[in-house]
């Protein structure tokens, strides 16, 4: 079949984008439009499902099928859709409040079921659409409209939550690093099973610069480490720092001080998530925060495959259903 | 296996028998009741049942709270209820006796497992002395004390089972005795034993031995002088089976899927009394049924909406508390204008309420339990067998109008059973669904354009050129784009309401049992059909000018309801709630209605309805016929 060659513009809907000027969401939208044509999936086979929040307006701006659903529930709509229409490519667009607060339950259950969908979690560590309350990823002590004396909640780390929920693909990227972001979206789309990509996204109105340590070009090399499968975790302006596993914790070392063999080598395919979990927990300022694919394991059955395989198997074993036979089976009697 | 032996004692022919079997939750009373029901149905009787059991799986043994009962009426004439007063009561322990005796009619048969009436059990049942010893008992009822535990042990002794296992057979002994007393065939239960326990031959033969011993006890002991015979009922011609409400509902959903050439997706979360629909449906994956046990009620309904968006026949089910959680999503389904069915098998409320008891108190929740202006069609089956047709009705309305339809069942219908004439599925009208084909791209696709029924097109993902976005924000008429325009919101609100209201043009006019005008009209809905119908029939037989309208389509109501209400001097609305339909009828038609209301976890007794009808009816005028 000859598929028409699509460009990013072909994925733009006719709707005006209504995010605040300077919002990190624009960058994610642009990367998505850029990546989709590379996947070779026709537009009508793609569905974007979102919850509620700034990020969740995303489907309206894509010229694909889409649903702007209910706060926190996007993964559940995706579950019903993908289970019955495995031929579709389904993306879930969510935010830190949507996925981790009101939708925390659905988030973990989608991940453990390993439904073949891609969840893109825009993390700006604040409630934007409701104008500036703290979110489940806001820092302790953060002063917001609803925490004038500082937040007393301990923040959730989306990557840790995902690993604990037995996710098969876990990655992180950021709005400011478009090339990396595009690559992560592509990797997520290629993974069979639930893919989670956390995207650091700047809310320039209510939480401007909250992740500047990772996003600003100058600070980024010292405060983040780009993961590569089979490679050590080298970072720093001069690529002179690395991470080492000592006992049951990770520490930062100078590459000059330790033999290369001592450095932690990233294994995204390791079925045991223990070290991946340690890496997920690396937080600024003590440690560089990991960017890239933390975990990508294969061979775990997907929910959509299994629910449909059971139908196929039942049809093979019992033959296709015969309704008249079903309702007429068992003890019956005739009235003449 | 040999066939049922014949009794040599006298047989008295009666038109109907109401019997209740009561014992501890673990005594197997539900099994006994189901077997007696099936056997009676196979004998050609009309049957109606009322299982009544505690919410706890194993409530404290021997206590009143742990009593599990199963009532069945079988008759040689058409019946609509499981009966009011009991002709016979079988009790396995003191708790069962003291909690059920008040329903046994004077002169009725009381069969007690004498071995269960011991000191320890009196304490558990909180009775001071053996209730069987009270002189009033012997004076009021025909009492048969049978040492069932002992006799069962003797009967199964040769099968070498442990005493614990042997004692579990005593419900089969009780069954054998009941079968003898009412001239029932042992054959269906013998077949059941073989199917159920075939893999454990010792258990199977012990149960058979207990069943036969019970029958033989009735035949040989002098205490029982005669047995009773109930002839086959004159039902309309056809092939029948016994069916339970939730089973009929599950099969109706499968039928609706087949009639509309769709696969069925069922997203749900376990809840009493709806879970049996899931258990039933998940057996039929070869029909293309996909069941999804979600992480919660919200996930269940939202997965259903997701499946509906993809073009599948999508259904969710719950009971009142779960429906409360689904409210927001039902509103979304409404504004997305996607077809689906939301089943509510009602139970006693509010909150967790009475999980295993019946009630009709979610009608107003169905009407108004969502934010904003969000009317949804409501269909309510009237009996277990009717659930089959109601499911098909609900899906037909949902797809014609592109709207979620609420199907309101209740615990009484769900767990009750009745003979059901097996329909010829090839004769049921198909449900035609069209999905728009791909557009060539010249004309922009209008996802919220409407047809003559005001339904929008069901364009499904995968269709080229019809890409569109739906969502919970108000939609612009036609384009479906987000719109905050004041006039558009008014228009869309009106359209969605009008669409539902227009269903009244296509549903049948309200039928009336009796004349279409007169002194008294009884209006009912849902599971109270049987009691209301029987009560009205009794009153008619006594010469009252009374009619009965049982409403199946609760939203919108049939077109002629208003005229009908105005054609009677008195309108009585019996409901197992505190007056919900009454409120709607008064509000809509400005007709006064008198409520007969109770929330006691039990269906209406016919006698209490007859009494209430007589109390509220206007002084009787001479009937024209009389």
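Nothing in this text is a laboratory measurement; each read-out follows from the coordinates by a stated rule. Everything quoted here is computed from the prediction, not taken from an experiment. All Cβ positions, glycine included, derive from the backbone under ideal geometry; neighbour counts span all protein chains shown.
Observations
- Checking each residue in region B:572-606 for being touching a helix residue (DSSP H, G or I) at 6+ places or on another chain (Cβ under 8 Å) and part of a helix (DSSP H, G or I) picks out B:580, B:581, B:583, B:584, B:585, B:588, B:589, B:606.
- A count restricted to region A:117-134 and to residues that are under 30 Å from residue A:297 (Cα atoms) and touching a strand residue (DSSP E or B) at 6+ places or on another chain (Cβ under 8 Å) stands at 8.
- Looking only at residues of region B:227-251 that are in contact with a helix residue (DSSP H, G or I) (Cβ under 9 Å, 6 or more places away or on another chain) and away from chain A (no Cβ under 14 Å), we find that the one that is surrounded by the most Cβ atoms within 10 Å (Cβ to Cβ) is B:245.
- Hits in region B:23-39 - residues which are under 19 Å from the mean Cα position of the chain (by Cα) and within 14 Å of another protein chain (Cβ to nearest Cβ): B:34, B:35, B:36, B:37, B:38
- Residue under evaluation residue B:376, criteria (1) assigned to a loop (DSSP other than H, G, I, E, B); (2) under 16 Å from the mean Cα position of the chain (by Cα); (3) crowded, with 20+ Cβ neighbours inside 10 Å; (4) away from every other protein chain (no Cβ under 14 Å), criterion not met: (2)
- Flag set for residue B:235, criterion: in contact (Cβ under 8 Å) with a residue 60 or more places away in the chain and under 23 Å from the mean Cα position of the chain (by Cα).
- Residue B:448 passes every criterion in (1) closer than 27 Å to residue B:503 by Cα; (2) within 13 Å of another protein chain (Cβ to nearest Cβ); (3) buried (at least 17 other Cβ atoms within 10 Å of the Cβ) apart from (2).
- Matching residues, region B:86-115, being touching a residue at least 60 places away in the same chain (Cβ under 8 Å), over 25 Å from the mean Cα position of the chain (by Cα) and not in a strand (DSSP E or B): B:92, B:93, B:95, B:97
- Subset of region A:285-325 [closer than 30 Å to residue A:240 by Cα and in contact with a strand residue (DSSP E or B) (Cβ under 7 Å, 6 or more places away or on another chain)]: A:287, A:288, A:289, A:290, A:291, A:292, A:293, A:294, A:295, A:296
- Among the residues listed as B:157, B:206, B:125, the single one being touching a residue at least 12 places away in the same chain (Cβ under 8 Å), over 30 Å from residue B:102 (Cβ atoms) and out of contact with any strand residue (DSSP E or B) (no Cβ under 7 Å at 6 or more places or on another chain): B:206
- Only listed residue being touching a strand residue (DSSP E or B) at 6+ places or on another chain (Cβ under 8 Å), closer than 17 Å to residue B:34 by Cα and surrounded by 15 or more Cβ atoms within 10 Å (Cβ to Cβ), chosen from B:177, B:186, B:190: B:177
- Residue match in region B:412-429 (condition: farther than 27 Å from residue B:38 by Cβ and surrounded by 24 or more Cβ atoms within 10 Å (Cβ to Cβ)): no
- Single condition residue B:13 does not satisfy, out of (1) surrounded by fewer than 21 Cβ atoms within 10 Å (Cβ to Cβ); (2) assigned to a loop (DSSP other than H, G, I, E, B); (3) touching a residue at least 24 places away in the same chain (Cβ under 8 Å): (2)
- Entirely in region B:268-351, the helices (runs of 4 or more DSSP H) that have 3 or more residues that are away from chain A (no Cβ under 14 Å): B:275-281, B:320-336
- Each residue in region B:372-391 was checked for being over 16 Å from residue B:554 (Cα atoms) and in contact with a helix residue (DSSP H, G or I) (Cβ under 6 Å, 6 or more places away or on another chain), and 4 pass.
- Picking from residues in region A:96-113 that are touching a residue at least 60 places away in the same chain (Cβ under 8 Å) and away from chain B (no Cβ under 14 Å), the one that is surrounded by the most Cβ atoms within 10 Å (Cβ to Cβ) is A:96.
- Filter pass, residue A:65 being at the interface with chain B (Cβ under 8 Å from one of its Cβ atoms) and farther than 16 Å from residue A:304 by Cβ: yes
- Within region B:456-502, the set of residues being in contact with a helix residue (DSSP H, G or I) (Cβ under 6 Å, 6 or more places away or on another chain) and part of a helix (DSSP H, G or I) comprises just one member, B:499.
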